[in-house]
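A.B. asks: I am attaching a structure below and will ask some questions about it afterwards.
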Amino acid sequence: MPRRILLLPGDGIGPEVVEQAQRVLIAAASVFNLDLVFDSADLGGVAIDKQGHPYPETTRSLARQADAVLLGAVGGPKWDSLPAAERPERGLLGIRSDLDLFCNLRPAILYPQLAEASSLKPDLVAGLNLLIVRELTGGIYFGEPRGVETSADGVRKGFNTDVYDETEIRRIAKLAFQFAQKRSARLCSVDKANVLEVTMLWREVVSEVSEEYPDIELSHMYVDNAAMQLVREPKQFDVMLTGNLFGDILSDTAAMLTGSIGMLPSASLNAESRGLYEPVHGSAPDIAGEGKANPLAAILSASMLLRYSLDEGAAADAVEAAVEHVLDSGLRTLDIANSPADAVSTKVMGDAVVTAISSLS
Ligand code: IPM
Ligand code: MG
């Protein structure tokens, strides 16, 4: 049975990095005898321009049939003046919700080859390897009511609703405990239970779930402290579990600890492990089309796709080994290069990973 992969290149640098990630998947498929079939569709700004909607019906139907989806990035200044409900980002939120991708995995790994790229002192980040588990289809991103209203006396009011029910908390918590079991058996749940009722429930339910996982050492931390601890002593964390909004913020912080957001992949999974894989970085419109983007986050997202949705761990390991190999060989795109003169293009980086997969495997 062929496995169907839907490519959603999206906006900005999305198409450039997805192209390289697809080449890497094709190389891995040939080495590991995988039968992959690719489709491509529009999401985000490009979908608004071509089809008038950030998550068009054609994309929705292909996404529902796919075994996995590989996304580049969405958004850009061109669409910034659109009303909230019509922006490219709504396409991304739409597909996450439509496919019920409630479990977002954002690993932050510091490659030893890039230790100097971190904004923290090398000894604080050397060996850093943490996993943020972010709830992705609930919380304030999706809560109703939401909107901006003008009252009778002409005063505008904006509002959103942060809401989780216990089933949503329980299902993401269970997965976080299971990921902790495969790692160092420590889980830190992040909330704002000193102020927000919704996160008081979060803390209560996570504690209830912990009774099923006595082997895991659970701690709780308020989000403001967690933000501070991430830049003070990041290696105290292994797996961090949090809701949608806090996860959005903390995962960008964690990303920067590793030196380059251009290196970080993510996976968004549903209960059947079907998933959407995307680099953590955005569409970087300032460098779009110039061949300067780092394709490694997209390539490592493809590796997560092989591991989590296709259950092809050996192929995923080979992709990761190939990335390590090209970093060892000194190849750097602009974002991780010591000087612009040393930087290679998106395609040269992709070529090197493709070659390494074929020769290492
Ligand atoms: C992310 C992004 C998205 C989010 C935006 C683009 C909607 O920041 O994936 O972290 O806020 O979830
Ligand atoms: Mg974000």
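Only the coordinates and a few stated rules stand behind these numbers; no lab work does. All values reported here derive from a predicted model rather than from experimental measurement.
A.B. asks: Considering only the chain, what is the antiparallel percent among its DSSP beta bridges, to the nearest 5?
C.D. replies: Details: 19 of 45 bridges.
Given both bridge residues lie in the chain, the antiparallel proportion sits at roughly 40 percent.
A.B. asks: Against the 2.2 N^0.38 Å scaling, with N counting residues, where does segment 272-361 land? I'd like the Cα-based Rg ratio to two decimal places.
C.D. replies: Details: Rg = 13.8 Å, N = 90, 2.2 N^0.38 = 12.2 Å.
Computed over Cα atoms of segment 272-361, the ratio equals 1.13.
A.B. asks: Assuming 0.692 mPa s and 37 °C, estimate D for segment 194-316 with Stokes-Einstein, Rh taken as the Kirkwood radius over Cα pairs, in µm²/s. The partial results should precede the final answer.
C.D. replies: On the way: Rh = 16.8 Å.
Stokes-Einstein gives a translational diffusion coefficient of 195 µm²/s.
A.B. asks: Give the long-range amide H neighbours of Asp39: residues separated by 5 or more places, or on another chain, with amide H under 5 Å away, using H modelled in the peptide plane at 1.01 Å from N.
C.D. replies: Placed amide hydrogens put Ile5, Leu6, Leu7 under 5 Å from Asp39.
A.B. asks: Please check: in the Gaussian network model of the chain (C-alpha springs, under 10 Å), which one of Asp252, Asp153, Asp317 has the largest mean-square fluctuation.
C.D. replies: Highest fluctuation of the listed residues: Asp153.
A.B. asks: Using a cut-off of 17 Å between alpha-carbon atoms, which aspartates and glutamates can reach Lys292, once sequence neighbours fewer than 8 places away in the same chain are excluded?
C.D. replies: Output for Lys292: Asp11, Glu16, Glu19, Asp335, Asp342, Asp351.
A.B. asks: According to the Cα gyration tensor, what semi-axes, each the square root of 5 times an eigenvalue, does the equivalent ellipsoid of the chain have, listed from largest to smallest in whole Å? Mind showing how you got there, number by number?
C.D. replies: On the way: eigenvalues 187, 133, 88 Å².
Largest first, the chain gives 31, 26, 21 Å.
A.B. asks: Show the residues, 5+ positions off or on another chain, whose built amide H is closer than 5 Å to the amide H of Cys188.
C.D. replies: Hits under the 5 Å cutoff: Ser219, Asp238, Val239, Met240, Leu241.
A.B. asks: Taking 0.36 nm per residue of separation and subtracting the Cα-Cα distance, what length does fully extending Asp100 through Lys235 add? Intermediate values should be presented prior to the final figure.
C.D. replies: Numbers: separation 135, 0.36 × 135 = 48.60 nm, distance 3.14 nm.
Roughly 45.5 nm would be gained on extension.
A.B. asks: Given 0.36 nm per residue, what is the gain on full extension from Glu57 to Thr355 after removing their alpha carbon distance, in nm? Show your work: numbers first, answer last.
C.D. replies: Numbers: separation 298, 0.36 × 298 = 107.28 nm, distance 3.74 nm.
Between Glu57 and Thr355, full extension yields an extra 103.5 nm.
A.B. asks: Please give the length that would be gained between Val37 and Lys50 if that part of the chain were fully extended, namely 0.36 nm times their separation in residues minus their C-alpha to C-alpha distance (nm, one decimal).
C.D. replies: Details: separation 13, 0.36 × 13 = 4.68 nm, distance 2.41 nm.
Fully extending the segment from Val37 to Lys50 adds 2.3 nm.
A.B. asks: Let me have the 222 nm mean residue ellipticity of the chain computed from DSSP H runs of 4+ only, each contributing -39500 (n - 2.57), with the sum over all residues rounded to the nearest 500. Could the numbers behind the result be given before it?
C.D. replies: Numbers: 12 runs with 145 residues, N = 361.
Calculated at 222 nm, the ellipticity per residue is -12500 deg cm²/dmol.
A.B. asks: Quick one: which residues, 5 or more positions from Gly275 or on another chain, have an amide H under 5 Å from its amide H? H modelled 1.01 Å from N in the peptide plane, none for Pro or chain starts.
C.D. replies: Val69
A.B. asks: When you take every Cα atom in segment 1-99, what is the radius of gyration, and what is Dmax, the widest Cα pair distance, in Å?
C.D. replies: Here Rg and the maximum Cα pair distance are 14.0, 47 Å.
A.B. asks: Please work out the C-alpha center-to-center distance from segment 102-126 to segment 166-231 and express it in whole Å.
C.D. replies: 22
A.B. asks: With all pairs of different alpha carbon atoms counted, what Kirkwood hydrodynamic radius in Å does segment 237-280 show? Please report the intermediate quantities before stating the final value.
C.D. replies: Numbers: mean 1/r = 0.0860 Å⁻¹.
About 11.6 Å, per the Kirkwood formula over Cα pairs.
A.B. asks: Also, quick follow-up: For segment 129-257, what is the Kirkwood hydrodynamic radius in Å, using each pair of distinct C-alpha atoms? Write out the running numbers ahead of the final one.
C.D. replies: Numbers: mean 1/r = 0.0649 Å⁻¹.
It works out to 15.4 Å.
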